[in-house]
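Peer 1: Once you've had a glance at the structure underneath, I'll fire off some questions.
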Amino acid sequence: MFSERFLQLYNDELRYFREAGRQFASSHPQVAQHLGMHIDGVLDPFVERLLEGSAFLCTRIQEKLNNEQPEFALQMLSRLAPLWYTPVPAIATVAIKPDLSFPQWHSQVDLPRGSRMTLNDISLNNKPATFTTA
């Protein structure tokens, strides 16, 4: 169930707790003595078990965050900038240049909703794209 990577992370956390405990004991010897801590390490075996359990829980949390980072990033993005995460349908801005030799083009012409337009050569693959007016 637990990999070598988990064991390495656990040992790193435990090493951090022990080093931080030593630093705390050297900075605050009176308080550290009440906690069963000393510059040389933890004197109380119950405090030692407490540090080991805390290191284990921290390792599990760290591993879970590492494993779920992509999902977490997507959830954060959907909360912070929902429009960036929302799919956008294909859209295009089209400039129509009519042939003015036809008389109907001298007045305004409305394209009804649902009119289809096919654009040729819009990309490198030379495939036409069809759009429908909204």
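Peer 1: So, of the residues in the range 1-26 that are surrounded by 11 or more Cβ atoms within 10 Å (Cβ to Cβ) and among the hydroxyl-bearing types (Ser, Thr, Tyr), which turns out to be nearest to Cys58 (Cα to Cα)?
Peer 2: If we take residues in the range 1-26 being surrounded by 11 or more Cβ atoms within 10 Å (Cβ to Cβ) and among the hydroxyl-bearing types (Ser, Thr, Tyr), then Tyr10 is nearest to Cys58 (Cα to Cα).
Peer 1: Listed residues Asp110, Asp99, Asp12, Asp40; which is modelled with pLDDT under 90 and either over 30 Å from Ala134 (Cα atoms) or among the hydroxyl-bearing types (Ser, Thr, Tyr) (or both)?
Peer 2: On inspection, the qualifying residue turns out to be Asp40.
Peer 1: Here's a check for you: in the range 64-101, which residue that is of a type in the set (Ser, Thr, Tyr) and over 23 Å from the mean Cα position of the chain (by Cα) is farthest from Leu119 (Cα to Cα)?
Peer 2: Ser101
Peer 1: With the condition kept exactly as written, say whether any residue in the range 43-59 is surrounded by 10 or more Cβ atoms within 10 Å (Cβ to Cβ), farther than 30 Å from Ala134 by Cα and at pLDDT below 80.
Peer 2: yes
Peer 1: Let me ask something additional. Give me the helices (runs of 4 or more DSSP H) completely within the range 26-134, filtered to those with at least 1 residues that are over 30 Å from Tyr16 (Cα atoms) and of a type outside the set (D, E, K, R), ordered by residue number.
Peer 2: Correct list: 69-80, 82-85.
Peer 1: Could you list, in sequence order, all residues of the range 19-35 that are more than 16 Å from Pro45 (Cα to Cα) and either touching a residue at least 60 places away in the same chain (Cβ under 8 Å) or touching a strand residue (DSSP E or B) at 6+ places or on another chain (Cβ under 8 Å) (or both)?
Peer 2: Within the range 19-35, Phe24, Ala25 meet the criteria.
Peer 1: If Met37 passes every condition in (1) within 23 Å of Arg5 (Cα to Cα); (2) surrounded by 11 or more Cβ atoms within 10 Å (Cβ to Cβ) but one, which one does it miss?
Peer 2: (1)
The values are calculated or read from the model by the stated rules, or taken from the named source; none is laboratory data. Everything numeric in this text was worked out from a predicted model, so none of it was measured. Virtual Cβ from ideal backbone geometry, glycine too; neighbours counted across all protein chains shown.
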